[in-house]
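Just below is one structure, and these are the notes that go with it.
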Amino acid sequence: MQYLKKEVRERILAAAVEEFKQYGYADASIRNIADNAEISLGNIYRYFTNKESLYFAVINPFIDSVKQTIEKEFVFKGRTMKEVSESLVSFLMQYSDEILIIRKGKTVHYDAFIKYIVEVISGKIRKMMKEAFPEIDNKISNPDFYDAIAESFLTALFKILNNGQTAEMQARYSRELITFFFGQMKMRYDHFTDEEVALPATDEDKAE
């Protein structure tokens, strides 16, 4: 009997993942979840008190995994960028549904999740730069530089995970982004100086 209860709960969660992924939290329907899980609507409430508790049951294990994985895998010391990148891509592919659900949820949980991820990734990048490329870190004067990089990186990743491509293509696109954001870091800043960068003259400038 215990096995059957566990099986029903897993069916509910599987149906909830698809419902939240397609409609987001606000527009998700408990009735649709019940129908797709092939159980009665009333039976769902034996396992979850409301839609919010069901949503938490879907995203909380993922958020816990994010925290553990970032601390364990997103570590640069003694590892190549390729090794770190592969760990990150594997994680993203494993939890692509949950990432999409949180993003489409547009709730305070999404805001809190993004803030946490930005802070952690920003801190990891800053630490990596200080340890591996101190000469580059010394050239960075913008106090929001690493936060901006982390936010841009996440925005680009979320766009990939929401594009409807196969898992194989999403993994490839993720590697391309990681290479663009973090590849050949030293080479990029070899010729960087504090001199003002000359911008192309506009038509208004030419008219003057």
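For segment 170-190, the set of residues classified as farther than 15 Å from Leu92 by Cβ, among the aliphatic types (A, V, I, L, M) and open to solvent by less than 100 Å² (accessible area, probe 1.4 Å) consists of Met185 only.
Could you please find all residues in segment 127-164 being over 23 Å from Ser90 (Cβ atoms) and touching a Ser or Thr at 6+ places or on another chain (Cβ under 6 Å)? Within segment 127-164, Tyr146, Asp147 meet the criteria.
Selection of first residues in segment 25-48 that are without any contact (Cβ under 8 Å) to a residue 60 or more places away in the chain and under 22 Å from Leu100 (Cα atoms) and of second residues that are open to solvent by 70 Å² or more (accessible area, probe 1.4 Å) and assigned to a helix (DSSP H, G or I), restricted to Cβ pairs under 6 Å at least 6 apart or on distinct chains, gives the following pairs, ordered by first then second residue: Ala37/Arg11. Note on segment 14-43: residues that are out of contact with any Gly (no Cβ under 6 Å at 6 or more places or on another chain), under 28 Å from Asp111 (Cα atoms) and part of a helix (DSSP H, G or I) total 16. Across segment 103-145, the qualifying residues are those that are under 12 Å from the mean Cα position of the chain (by Cα) and under 17 Å from Phe181 (Cα atoms), and the one among them that is surrounded by the fewest Cβ atoms within 10 Å (Cβ to Cβ) is Val120.
Out of everything in segment 38-65 that is among the small types (Gly, Ala, Ser) and under 30 Å from Tyr116 (Cβ atoms), what residue ends up being modelled with the lowest pLDDT? Walk me through it before giving the result.
To start, the set of residues in segment 38-65 that are among the small types (Gly, Ala, Ser) comprises 40, 42, 53, 57, 65.
The next check asks that each one be under 30 Å from Tyr116 (Cβ atoms); those that pass are 53, 57, 65.
Details: Ser53: 91, Ala57: 91, Ser65: 77.
Among residues in segment 38-65 that are among the small types (Gly, Ala, Ser) and under 30 Å from Tyr116 (Cβ atoms), the one modelled with the lowest pLDDT is Ser65.
Of the residues screened, Arg11 is not one that is out of contact with any strand residue (DSSP E or B) (no Cβ under 7 Å at 6 or more places or on another chain), charged (D, E, K, R) and in a loop (DSSP other than H, G, I, E, B).
The values are calculated or read from the model by the stated rules, or taken from the named source; none is laboratory data. As the structure is a prediction and not an experimental result, all values here were calculated from the model. Using ideal geometry, Cβ is built from the backbone for each residue, glycine included, and neighbour counts are taken over all protein chains shown. SASA here: full protein model, heavy atoms, side chains in, ligands and nucleic acids out. Shrake-Rupley method; radii C 1.70, N 1.55, O 1.52, S 1.80 Å.
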